[in-house]
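Reading through the structure tokens given below for one structure.
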Amino acid sequence: MSAILIRGGRLIDPAAGIDATRDLLLEQGLVAAVGAPGALDAAARERHATALDATGRVVAPGFIDIHVHLREPGQAYKETIASGTRAAAAGGFTTVCAMPNTTPVNDSPEITRWMQAPERNAAIRVLPIAAATRGSMGEQLTDYAALKAAGAVAISDDGKPILGDAIMRDALALGARVGLPVIQHAENTDCTHGASMNLGALSFRLGLRGMSVEAESSIVERDIALLATMRDTPAHLHVAHLSTAAALDAVRRAKAEGLRVTCEVAPHHFALTEQAIGDYDTHAKMNPPLRSEQDRLALIAGLADGTVDAIATDHAPHAPHEKEQEFERTPNGITGLETALGLSLQTLHHEHNIPLARIVELLTSGPARVLHLAQCGSLIKGRPADLVIFSPDETWTYATSHSLSKNSPFLGWDLPGRVYATIFGGWVLDPAKSAGA
Amino acid sequence: MPVPRRAKLLQKRRVALLFYESSTRTRTSFELAAKSLGADTVLVSALSSSIEKGESLKDTGLTLRALGAECIILRHPNSGAPFLLARETGLPVLNAGDGMHEHPSQALLDLRTILSRLGRAQHTRAVARVPIDEKTLTGVTVTITGDILHSRVARSNALLLPRLGAQVVLCGPPELLPEIAADIGPGISIERDFERALARSQVVMMLRIQKERLAGLQLDLARYIERYQLNGERLRRYAPEALVMHPGPMIRGLEITSDVADGPQSAITEQVHHGVAVRMALLARALGSTAARTHRATRKARPA
């Protein structure tokens, strides 16, 4: 691996407090030096470094997605770890955290290790999130200490909520003991049976059963109430794919009270509303569902003011035959790794004037803090050479995907933020080369 | 149009009726409408086809198209299914009722019935408070009562009738009629008191309680009957002139009593009767002049 000098780019490294023109020297898979323009030229020559010109472009820590579904083991017809991580690299990500709702459910150290094995041929770093309960059935806790030792960075029954008060409290307590955050999919499934979109006038008009705002916010409020009784422990609740103004307000209040609550928002929830369903477009069906304009604007405010900690895609690949079904029968979810940056720039930066540095924070140091990923999310000297070079204003068309699945409502969209290079551990990745996939 | 010409309008055109749910009126009515325009019809129902074996709607549609179907009439338990079928087959699809969404041909035949009856009544009795010109419903209030939540007929009528100037009043208990229903379009309001709603209506449309779609919802039927049943006494007292309608199937003794259903104010069988003509018009439109030209062109292009 040869050394690389990245020259003339605008380095945005929120964790290091840098937003300025800087050169970076990468060596042995690590950041060897960060310096003023030209300051590293001599060192680069000494090491015979390859030069990469980033003039006019943004250089940022590689993005971190703490919520993806890579479908392995068990559903390789939708996605593999190899294909999903190539889609991630194309989108500027160098770290993804894989949810445990695989087949079988990742509730064991064996599966957790299997997902990280070199044979999976991941293009970037894959960090498993293990199931909170056996089989994600919500009844019996898994072995958090063993899962953490095997490499799990959080626990969650994502796709399903942890509904019972007692089991949720136990999960938070055990998570606190071993140092793992508990990620909750907040949905009171007792009142969302058969629901396939947001509850409101549009769901009534379309004749579809709706999920209420309260189905999400009531669980978030319940979880926060549990957490408030555990102030003397390091228990940490993370709310996955938060989608409503009411749940966001609950998180905002809890943070103000000093509770360890974090949350993430998915790009489709700040870019689209339920109106995107149109004539029952199944690429606009996800869980939580697309919400109202009022909710969307509240999420954008939360992304701007710091209430939201991370942008996470909830990348959920599905095969064509699964999405070419009746709206109510089709599975939830869309792919998102390749469009996260573009949608963030378009909606948050260009339409709502959120500074570029804040958007980079939401994609790097923000998610790194949520899951305590000490090695990721910053480009200070000595850290892994994981970074992305992109042009924030240059538009591109989302026409092809590296994911095995193409279930995205954004196919065909023109988006800002062309990714020029994703570098992982000092290697410049070429997602077009789908090695061994 | 004279009958002989009409009988050849869709001569030998292939129309498929694809029914995933049971139906008496709609199915027979569409079938007779197609046949009376000269079309060949074929019925595929879920229980006697490969649908039972798990064939998807897309594949069923592609199969029908490959067999020569030029138009599909679809009844389906999932809202929005006709959009999927039209997207996947590229054929004209007529919605014969989809889930809780819409039943547009029913709303059109209801409209036809209202226009005919109120227009006719104007000359004999003072049913309408304002003149009806058989083309608009300005000044007419239509109350739709019952299981609005699960009713595709209610949605289609509530969206269609205000476009011709009618006021639509929805009536029923909160479990079957959420407040949000009034927001789906203009000209729609909610009145929980059935008798008050009756007193201001020229048309009252009763709906069946859809037990198959209640999905665990508990409903006290005795209390429902007490508050919302259209019986002779209630009709005489609050709406002695109003037109009584029901899309069927009726559950006599539940939402409506026999004396009302069979009484002089009832237009229920007339609704069914109008269904055939309305569906003939829909089929002619779906397979009409442009479609006919394409059809002939493909026939000619086909190798002998």
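The values are calculated or read from the model by the stated rules, or taken from the named source; none is laboratory data. Only a predicted model underlies this, so the values are computations on that prediction, with no experimental measurement involved. As a convention, Cβ positions derive from the backbone with ideal geometry for all residues, glycine included, and neighbour counts pool all protein chains shown.
How many residues are within 11 Å of chain A (Cβ to nearest Cβ) and in a loop (DSSP other than H, G, I, E, B) if we restrict to the stretch B:46-87?
Residues meeting the conditions: 5.
Answer with yes or no whether A:LEU141 is in contact with a strand residue (DSSP E or B) (Cβ under 7 Å, 6 or more places away or on another chain) and over 30 Å from A:ILE423 (Cβ atoms).
Values: in contact with a strand residue (DSSP E or B) (Cβ under 7 Å, 6 or more places away or on another chain): yes; over 30 Å from A:ILE423 (Cβ atoms): yes.
Against the criterion (in contact with a strand residue (DSSP E or B) (Cβ under 7 Å, 6 or more places away or on another chain) and over 30 Å from A:ILE423 (Cβ atoms)), A:LEU141 qualifies.
For the stretch B:12-30, indicate whether the set of residues that are surrounded by fewer than 18 Cβ atoms within 10 Å (Cβ to Cβ), of a type in the set (S, T, N, Q) and not in a loop (DSSP other than H, G, I, E, B) is non-empty.
yes
Have a look at B:PRO186, B:PRO174, B:PRO240 and point out the one that is over 13 Å from B:ASP147 (Cβ atoms) and within 14 Å of chain A (Cβ to nearest Cβ).
Every option except B:PRO186 fails the conditions.
When you go through A:LEU172, A:LEU180, A:LEU202 one by one, which is the residue that is within 30 Å of B:PRO186 (Cβ to Cβ) and at pLDDT 95 or above?
Numbers: A:LEU172 fails: within 30 Å of B:PRO186 (Cβ to Cβ); A:LEU180 fails: within 30 Å of B:PRO186 (Cβ to Cβ).
So the residue among A:LEU172, A:LEU180, A:LEU202 that is within 30 Å of B:PRO186 (Cβ to Cβ) and at pLDDT 95 or above is A:LEU202.
Per-residue answers, yes or no, for (1) in contact with a Gly (Cβ under 8 Å, 6 or more places away or on another chain); (2) among the small types (Gly, Ala, Ser); (3) more than 23 Å from A:ASP232 (Cα to Cα):
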{"site": "A:LEU127", "(1), (2), (3)": "yes, no, yes"}
{"site": "A:GLY138", "(1), (2), (3)": "yes, yes, yes"}
{"site": "A:LEU141", "(1), (2), (3)": "no, no, no"}
{"site": "A:ALA150", "(1), (2), (3)": "no, yes, yes"}
{"site": "A:GLY164", "(1), (2), (3)": "yes, yes, no"}
{"site": "A:LEU174", "(1), (2), (3)": "no, no, no"}
{"site": "A:VAL182", "(1), (2), (3)": "yes, no, no"}
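Condition first: under 26 Å from B:THR138 (Cβ atoms) and among the polar types (S, T, N, Q). Can you find one or more residues in the stretch B:210-225 that meet it?
Of all residues in the stretch B:210-225, those under 26 Å from B:THR138 (Cβ atoms) come to none.
No: the stretch B:210-225 contains no residue that is under 26 Å from B:THR138 (Cβ atoms) and among the polar types (S, T, N, Q).
Given (1) closer than 20 Å to B:GLU241 by Cβ; (2) without any contact (Cβ under 8 Å) to a residue 24 or more places away in the chain; (3) in contact with a strand residue (DSSP E or B) (Cβ under 6 Å, 6 or more places away or on another chain), identify the lone condition not met by B:PHE194.
Failed condition: (2).
With respect to B:ASP262, determine if the residue is more than 28 Å from B:GLY139 (Cβ to Cβ) and not hydrophobic (A, V, I, L, M, F, W, C). Walk me through it before giving the result.
Numbers: more than 28 Å from B:GLY139 (Cβ to Cβ): yes; not hydrophobic (A, V, I, L, M, F, W, C): yes.
Yes.
In the list B:ARG5, B:ARG14, which residue meets the criterion of being more than 15 Å from B:LEU282 (Cβ to Cβ) and under 24 Å from the mean Cα position of the chain (by Cα)?
Just one listed residue meets the conditions, B:ARG14.
When you scan the stretch A:79-108, how many residues do you find that are touching a residue at least 60 places away in the same chain (Cβ under 8 Å) and closer than 21 Å to A:ILE423 by Cβ? Explain how you work it out, then say what you get.
To start, the set of residues in the stretch A:79-108 that are touching a residue at least 60 places away in the same chain (Cβ under 8 Å) comprises A:79-80, A:82-84, A:86-97, A:99.
Retained after the next criterion (residues that are closer than 21 Å to A:ILE423 by Cβ): A:82-84, A:86-97.
Counting residues in the stretch A:79-108 that are touching a residue at least 60 places away in the same chain (Cβ under 8 Å) and closer than 21 Å to A:ILE423 by Cβ gives 15.
For every residue, the table says whether it meets (1) without any contact (Cβ under 8 Å) to a residue 12 or more places away in the chain; (2) more than 22 Å from B:PRO104 (Cα to Cα).
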{"residue": "B:LEU9", "(1), (2)": "no, yes"}
{"residue": "B:LEU18", "(1), (2)": "no, no"}
{"residue": "B:GLU21", "(1), (2)": "no, no"}
{"residue": "B:THR26", "(1), (2)": "no, no"}
{"residue": "B:SER29", "(1), (2)": "no, no"}
{"residue": "B:ALA46", "(1), (2)": "no, no"}
{"residue": "B:ASN78", "(1), (2)": "no, no"}
{"residue": "B:ALA86", "(1), (2)": "yes, no"}
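Could you look through the stretch B:141-171, keep only residues that are more than 13 Å from chain A (Cβ to nearest Cβ) and small (Gly, Ala, Ser), and pick out the one that is farthest from the chain's Cα centre (by Cα)?
Here the answer is B:GLY165.
When only residues in the stretch B:246-288 that are under 17 Å from the mean Cα position of the chain (by Cα) and within 21 Å of B:LYS211 (Cβ to Cβ) count, which is surrounded by the fewest Cβ atoms within 10 Å (Cβ to Cβ)?
For the stretch B:246-288, the residue satisfying everything is B:PRO249.
Looking only at the stretch A:277-288, count how many residues are touching a residue at least 24 places away in the same chain (Cβ under 8 Å) and either within 14 Å of chain B (Cβ to nearest Cβ) or at positive phi (or both). So that I can check it myself, show each step before the final result.
Just the residues of the stretch A:277-288 that are touching a residue at least 24 places away in the same chain (Cβ under 8 Å), to begin with: A:277, A:280-288.
Narrowing the set further to residues that are either within 14 Å of chain B (Cβ to nearest Cβ) or at positive phi (or both) leaves A:277, A:280-285.
Adding up the residues that qualify gives 7.
In the stretch A:116-150, what residues are under 24 Å from A:GLY91 (Cβ atoms) and assigned to a loop (DSSP other than H, G, I, E, B)?
Correct list: A:ALA117, A:ASN121, A:ALA122, A:ALA123, A:ILE124.
Give the stretch A:101-153 a look and list any residue that's among the charged types (D, E, K, R), surrounded by fewer than 22 Cβ atoms within 10 Å (Cβ to Cβ) and under 22 Å from the mean Cα position of the chain (by Cα), or say none.
The initial filter retains those residues of the stretch A:101-153 that are among the charged types (D, E, K, R), namely A:107, A:110, A:113, A:119-120, A:125, A:134, A:139, A:143, A:148.
With surrounded by fewer than 22 Cβ atoms within 10 Å (Cβ to Cβ) added as a condition, the list becomes A:110, A:113, A:119-120, A:134, A:139, A:143, A:148.
Result: A:ARG113, A:ARG120, A:LYS148.
Please go through (1) on the phi > 0 side of the Ramachandran plot; (2) touching a helix residue (DSSP H, G or I) at 6+ places or on another chain (Cβ under 6 Å) for A:ARG71 and return the number of the only condition it doesn't satisfy.
The one condition A:ARG71 does not meet is (2).
If A:GLY17 passes every condition in (1) in contact (Cβ under 8 Å) with a residue 60 or more places away in the chain; (2) within 23 Å of A:PRO355 (Cα to Cα); (3) out of contact with any Cys (no Cβ under 8 Å at 6 or more places or on another chain) but one, which one does it miss?
Of the numbered conditions (1) in contact (Cβ under 8 Å) with a residue 60 or more places away in the chain; (2) within 23 Å of A:PRO355 (Cα to Cα); (3) out of contact with any Cys (no Cβ under 8 Å at 6 or more places or on another chain), the odd one out for A:GLY17 is (1).
Which of the following residues is touching a residue at least 60 places away in the same chain (Cβ under 8 Å) and either among the acidic types (Asp, Glu) or over 12 Å from B:GLY146 (Cβ atoms) (or both): B:VAL204, B:VAL272, B:VAL169?
Details: B:VAL204 fails: either among the acidic types (Asp, Glu) or over 12 Å from B:GLY146 (Cβ atoms) (or both); B:VAL169 fails: touching a residue at least 60 places away in the same chain (Cβ under 8 Å).
Step by step, each of B:VAL204, B:VAL272, B:VAL169 is checked, and only B:VAL272 is touching a residue at least 60 places away in the same chain (Cβ under 8 Å) and either among the acidic types (Asp, Glu) or over 12 Å from B:GLY146 (Cβ atoms) (or both).
Can you tell me which residue in the stretch A:307-326 is nearest to the other protein chains (Cβ to nearest Cβ), limited to those that are of a type in the set (Asp, Glu) and outside any helix (DSSP H, G or I)?
So, considering only residues that are of a type in the set (Asp, Glu) and outside any helix (DSSP H, G or I), the one nearest to the other protein chains (Cβ to nearest Cβ) is A:GLU326.
Scan the stretch B:174-190 for residues that are more than 23 Å from B:GLY248 (Cα to Cα) and not in a helix (DSSP H, G or I) and jot them down. Even if it seems obvious, please write down each step before you answer.
Step one: of the stretch B:174-190, the residues more than 23 Å from B:GLY248 (Cα to Cα) are B:179-180, B:182-187, B:189.
Those that are more than 23 Å from B:GLY248 (Cα to Cα) and not in a helix (DSSP H, G or I): B:ILE184, B:GLY185, B:PRO186, B:GLY187, B:SER189.
Can we say A:ASP165 is over 26 Å from A:ALA374 (Cα atoms) and either charged (D, E, K, R) or without any contact (Cβ under 8 Å) to a residue 60 or more places away in the chain (or both)?
Yes: the conditions hold for A:ASP165.
Looking at the stretch B:80-111, which of its residues are of a type outside the set (A, V, I, L, M) and touching a Phe, Trp or Tyr at 6+ places or on another chain (Cβ under 7 Å)? Write out each step before concluding.
First, pick out the residues of the stretch B:80-111 that are of a type outside the set (A, V, I, L, M): B:80, B:82-83, B:87-90, B:92, B:95, B:97-99, B:101-106, B:110.
If the condition is that a residue be of a type outside the set (A, V, I, L, M) and touching a Phe, Trp or Tyr at 6+ places or on another chain (Cβ under 7 Å), then B:GLY80, B:PHE83 are the ones that fit.
If you go through the stretch B:91-111, how many residues are within 14 Å of chain A (Cβ to nearest Cβ) and closer than 18 Å to A:GLU324 by Cβ?
3
Of the residues A:ARG329, A:ARG291, A:ARG358, which single one is basic (Lys, Arg), under 18 Å from the mean Cα position of the chain (by Cα) and either surrounded by fewer than 23 Cβ atoms within 10 Å (Cβ to Cβ) or more than 14 Å from chain B (Cβ to nearest Cβ) (or both)? Step through it out loud before you land on a result.
Numbers: A:ARG329 fails: under 18 Å from the mean Cα position of the chain (by Cα); A:ARG291 fails: under 18 Å from the mean Cα position of the chain (by Cα).
That would be A:ARG358, the only listed residue that is basic (Lys, Arg), under 18 Å from the mean Cα position of the chain (by Cα) and either surrounded by fewer than 23 Cβ atoms within 10 Å (Cβ to Cβ) or more than 14 Å from chain B (Cβ to nearest Cβ) (or both).
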